[in-house]
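Here's the structure we're looking at; comments come further down.
The values are calculated or read from the model by the stated rules, or taken from the named source; none is laboratory data. Since the structure is predicted, the reported quantities are computational estimates derived from the model, not experimental observations. Because the Cβ atoms are built from the backbone with ideal geometry, glycine has one as well, and the counts that use them run over all protein chains shown.
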Amino acid sequence: MHPLLVTDPPDRHLLAKNPLFGCERIGWACLLIAACAAFADTAASQDAGSAYQSRRVAEGDLAISRESLAGPAPGLAVPAPSEARASAPDLGLLDTDQERHQLYAELAEDYALIDRLGNLVKRVAHLVKPSVIHIEARKVEKNRGRTEAFDEAGAGVVVRIDGQNWVLTNRHVIVGAEPAEILIRTSDGQQLRPSRVIADASTDVAVMKVEAPLPAAQIGRSNGVEVGDFVLAVGSPFGLSHSVTFGIVSAQGRRDLTLGSERIELQDFFQTDAAINPGNSGGPLLNLRGEVIAINTAIASSSGGSEGIGFAIPIDMAMRVAQELVQFGALRRGYLGVTLDPAYQAADSLRTTGTPYGALVKEVRPGSPAEQARLQRGDVILEFDGMLIEDDDHLVTRVGLTPLEQEVPVVIFRGGQRYRTSLTIVPLR
């Protein structure tokens, strides 16, 4: 079986380990409008042939049937109509104005519920619009001894860190561009340049300092997000800035995605069916309270556009990284000191521990926090800092983002028994 076609340049492929999917990062501009509600006053001003578009562009009848109204066959009892069936109007028997008026009244009541949801979406979009940033980056690459320059579009969101305004976005949106070659455009038409750019490759998170009184977005808590929650994605799909799409959180804990040669080492993506396309990278994923719950980052696609499978970095994780970048200039990753078995799956854990959780320890490094906590080869780490561990990738992410010098409770499974211990996370060197 062949993997799905990916239209992004080879060095920017985001491929899932599952060969059924080809994935790509979404930080370049083209021209397409597909099922998204745009902010009219901004999106209408975008020129589909913008000079900032990437120079790398990927290429029945309705049948209604009813049961017969004829009487039943001789000898067959006529079933009593259920309450639901009795209350449902027969559209073919609406012979009087009174019946039609009644149906319209019921329809108006049902529509009122949908209308309230629509108004809520409009208010969220209007409220968050000034905090969403359109980004255009002039990048330079060397390919076989030749230097090539191109423009790439993406999005970002204004956040407050240590009392200052920063634009939170994806690293792949701005990597390869100097600060002077990055244009930041606000919803009211302001054009700014960042005074400082800091990025982390292990999480694909970046922040840019802006010297302007921009309104910061409200930050939510991604650890309270559940599958099925309604969400809005805002960004610049194909260069069309401040576009809004609507969907739900489809899944959580997606951790098996790689970015070609630049693998995102610390992953814990949300999956959403809200339409996100090339150019949405770095834009916010919002709940219906208007709070940022994630940063749109990638899509799985066979066409280069949205196919209902998008990935976003949870905001708890993104803000943890952003604060480290602002305060220390880099992400100080935590270190545990174990080698894990990637082949250890939920089925293996069910046989050994009776639960589908856990990461199997293959080796404990001398002098590490794991050794000091007396972890051993063959231990299964079931919980870390109060959270059930789903697999080895989950544990790597949790350890990497744990604040340094913090004592963390750990639950392990050894010899048929559960044991509790604690350890102190130290910096990865």
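Odds and ends about this structure:
- Any hit, the stretch 264-277, residues being over 15 Å from the mean Cα position of the chain (by Cα), under 19 Å from Ile389 (Cα atoms), part of a loop (DSSP other than H, G, I, E, B) and assigned by TED's automatic domain parsing to the domain that holds Arg196: yes
- The number of residues in the stretch 138-154 being closer than 15 Å to Arg193 by Cα and buried (at least 24 other Cβ atoms within 10 Å of the Cβ) comes to 2.
Each row is one residue, and each column tells you yes or no for (1) buried (at least 17 other Cβ atoms within 10 Å of the Cβ); (2) over 23 Å from Arg320 (Cβ atoms); (3) hydrophobic (A, V, I, L, M, F, W, C).
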residue	(1), (2), (3)
Phe230	no, yes, yes
Phe238	yes, yes, yes
Arg254	yes, no, no
Gln271	yes, no, no
Gly282	yes, no, no
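- Total residues in the stretch 155-177, condition assigned to a strand (DSSP E or B) and either touching a Phe, Trp or Tyr at 6+ places or on another chain (Cβ under 8 Å) or surrounded by fewer than 24 Cβ atoms within 10 Å (Cβ to Cβ) (or both): 6
- Among the residues making up the stretch 235-260, those that are modelled with pLDDT of 85 or more, under 19 Å from His394 (Cβ atoms) and in a strand (DSSP E or B) are Val249, Ser250, Ala251, Gln252, Gly253, Arg254.
- Some residue of the stretch 178-185 being among the acidic types (Asp, Glu), out of contact with any His (no Cβ under 6 Å at 6 or more places or on another chain), under 26 Å from Ala149 (Cα atoms) and outside any helix (DSSP H, G or I): yes
- Pairing residues of the stretch 163-191 that are under 24 Å from Leu127 (Cβ atoms) and assigned by TED's automatic domain parsing to the domain that holds Ala318 with residues that are of a type in the set (Asp, Glu) and surrounded by fewer than 18 Cβ atoms within 10 Å (Cβ to Cβ), at Cβ distances under 9 Å and at least 6 apart in sequence or on separate chains, gives Asn165/Glu211; Ser187/Asp41.
- Taking (1) surrounded by 10 or more Cβ atoms within 10 Å (Cβ to Cβ); (2) modelled with pLDDT under 85 in turn, Asn119 satisfies each apart from (2).
- Subset of the stretch 85-116 that is surrounded by 11 or more Cβ atoms within 10 Å (Cβ to Cβ), acidic (Asp, Glu) and over 30 Å from Gly290 (Cβ atoms) - its residue that is modelled with the highest pLDDT: Glu106
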